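Each value in this text was obtained by applying a stated rule to the coordinates, not by laboratory testing. The shown structure was predicted, so the numbers you read here are calculated from the model rather than taken from an experiment. All Cβ positions, even for glycine, are placed from backbone atoms using ideal geometry, and neighbour counts span all protein chains on display.
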Amino acid sequence: MKNYLILLLLFSSTFFACQKDDSLLEDEVEVPEDAPYIEYEGLKLVVTYTDNNIVELREPHSDRIDTLFTEEEGTKVIHELGPKIANAMVYSENTVYGIFTGLDLHMNHYHTYPPAIKVTTSTPQLDNPDWSDFQAIWRSKESGNLFNLGAEDILNGGQAKEIELNHHQKAGVNTPYLSSGFGDNYYLLINDQNQLDLYNVGTEEIDKSYKEFNEIYSANTYAVNWDENYGLVSTDQGVFTFVFKNEGDWSNPEIVMYEKMLDYPEDNVKFDQLIYRKYYNGSATIKIALGIDNEKGIYKIDVEEGKIKKVVDVENIKAFEINYMMSMLYVLSEDQKFVAYDLGTFIPVNSTTVNEDLSENVRVAVSEKFAYVHTGNNTYINVYGAKNMIPYTPIETNNKISDIGTFGNMIELPIDNHD
């Protein structure tokens, strides 16, 4: 199997004014009796369960189900804040599992193999795992140490690298990886005292610390190009950004770090998540940075211009997701409205009502064809058309579901084993 089996998933778009179409949101749709439910071949709907240690890789295209076993019950799926790859990862309180989904990318098609758990890493009381720039990154609450695992490590059955840190992560805040583009690479470390430290991976030292924030809510990165990568940190003062730039020439580089604080466009805004996505569409890379305030809505961050603007006005967000090819944004709110927005204009495309209890364990996963929703302790997964939001017959599993996620063949590449 080739080492370049990675499917990157990110996304973007330009944004226009925030718009809200209440008439559209009130429309109800009925599913035609003959509506076909046909997924891409090789797309994997990963399902984990509350009361058992099973991880299922369901392939809706063929009704195939591959069953894997973890050491604990109730594992969760790592939902990326950065790139998404063909492989999957699930985790429990004490263990992280790297799953080979059975798809190996060969140029413009996949070869298929039996799925398997390729990497198992014991990490007592881990907190807030994340995908960040081809890496899965997580921290130990017990030791504060950082673990990272590359996409090819999963494919090849490698092991997670452990970095010893005298630093304990703030609960609920992820640890992004930032490449300066000039040889120095960093982890953004944030502790319970709301101190931001730039940890230099090469020297294994803290290059710079920031102690002026009363609260830090989330962090991520944003790449303009390979040598212009921003760090983004949502704080009580605004979104703090920093970037390394070469002010000299390539034969005699002069690396300068620029810092800037971006103001929130409204009072009392905080970004519970900072989202960075990108997607190469064959001719260009589209990308976007979003701030998610669960109580107030979704904001687009123009990192280079240093501006933030509200683009989706919705209260009490329960879950959201962006499709692989970065054309659609899906938002499920407390009022049970599930809305598909055009990611370029942020105008609602279609909507439906999710008639479920949304008080806990609300999970959304999307493909290019369908959107999947699970809530509470239900044993089934609700299915909706990705663009028309028409409800389809739910997928019944007969077990209480812990989490769901979509992986594998996200963009309908051919499956060809050359038989």
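In this label model, Tyr280 and Asn166 are separated by 4.2 nm, measuring between points 7 Å along each Cα→Cβ vector.
Applying both filters, DSSP loop and at most 12 other Cβ atoms within 10 Å, to the GluC sites (Glu not before Pro) of the range 340-418 gives Glu360.
Listed by chain and number, the lysines whose C-alpha is less than 18 Å from the C-alpha of Lys400, apart from same-chain residues fewer than 8 away, are Lys76. If R0 is 35 Å, the Cβ-Cβ spacing of Asn355 and Asp302 corresponds to a FRET efficiency of close to 0.40. Between Lys245 and Glu412, the distance separating the two model label sites (each 7 Å from Cα on the Cα→Cβ line) works out to 4.3 nm.
Residues within the reach of a label modelled at Thr345 (point 7 angstrom out along Cα to beta-carbon, backbone nitrogen below 19 Å), restricted to the range 308-335, are 310-314, 323, 326-331. Of all lysines in the structure, the ones whose alpha carbon falls short of 17 Å from that of Lys309, not counting any fewer than 8 places away in one chain, are Lys20, Lys260, Lys270, Lys287, Lys296, Lys300. Working from label points 7 Å from Cα in the Cα-to-Cβ sense, the Asp272 to Glu212 distance is 2.9 nm.
Only helical runs count toward this figure. For the chain, summing -39,500 (n - 2.57) over DSSP H runs of n ≥ 4 and dividing by all residues gives -500 deg cm²/dmol at 222 nm. Please list, in order, the residues from the range 154-191 whose amide nitrogen is less than 13 Å from a point placed 7 Å along the Cα→Cβ vector of Ser143. Of the residues in the range 154-191, 160-167 have backbone N under 13 Å from the label point off Ser143.
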